[in-house]
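K.L.:
Here it is, the structure, as structure tokens.
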Amino acid sequence: MANIRVELSPRDQATREAIIAELTDVMVKYGSPRESTQVILFEVSHDLWAKGGVTYTKRMQQREGTA
């Protein structure tokens, strides 16, 4: 059995499903039964995720010249 937890920025549903499918395939390749492999995606808003004390929202605004 495998439990995979992933923290990532928001994605559309098709991308979420692709991530889940591919992570599951990797674990099955290495011996985890498909029916026992669980994937949980934790989407974190760019407003709540920071690096070096600056949120990713602010970083994107700075990069675009809107901050």
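The values are calculated or read from the model by the stated rules, or taken from the named source; none is laboratory data. Bear in mind the structure is a predicted one, so any value in this text is a computation, not a measurement. Using ideal geometry, Cβ is built from the backbone for each residue, glycine included, and neighbour counts are taken over all protein chains shown.
K.L.:
Does Ile4 fit the bill of being outside any helix (DSSP H, G or I) and of a type outside the set (Gly, Ala, Ser)?
P.N.:
In short, yes.
K.L.:
Out of all the residues in the stretch 16-31, is one or more touching a residue at least 12 places away in the same chain (Cβ under 8 Å) and loosely packed, with under 11 Cβ neighbours inside 10 Å?
P.N.:
Here is the first cut: in the stretch 16-31, the residues touching a residue at least 12 places away in the same chain (Cβ under 8 Å) are 16, 19-20, 23-24, 27.
Now drop any that are not loosely packed, with under 11 Cβ neighbours inside 10 Å, which leaves none.
The answer is no, given that none of the residues of the stretch 16-31 is touching a residue at least 12 places away in the same chain (Cβ under 8 Å) and loosely packed, with under 11 Cβ neighbours inside 10 Å.
K.L.:
Oh, and also: For the stretch 17-36, does any single residue satisfy the condition of being modelled with pLDDT of 95 or more, assigned to a strand (DSSP E or B) and of a type outside the set (Phe, Trp, Tyr)?
P.N.:
no
K.L.:
Pick out the one residue from Gly53, Gly65 that is modelled with pLDDT of 95 or more, exposed (fewer than 11 other Cβ atoms within 10 Å of the Cβ) and out of contact with any helix residue (DSSP H, G or I) (no Cβ under 8 Å at 6 or more places or on another chain).
P.N.:
It is Gly53.
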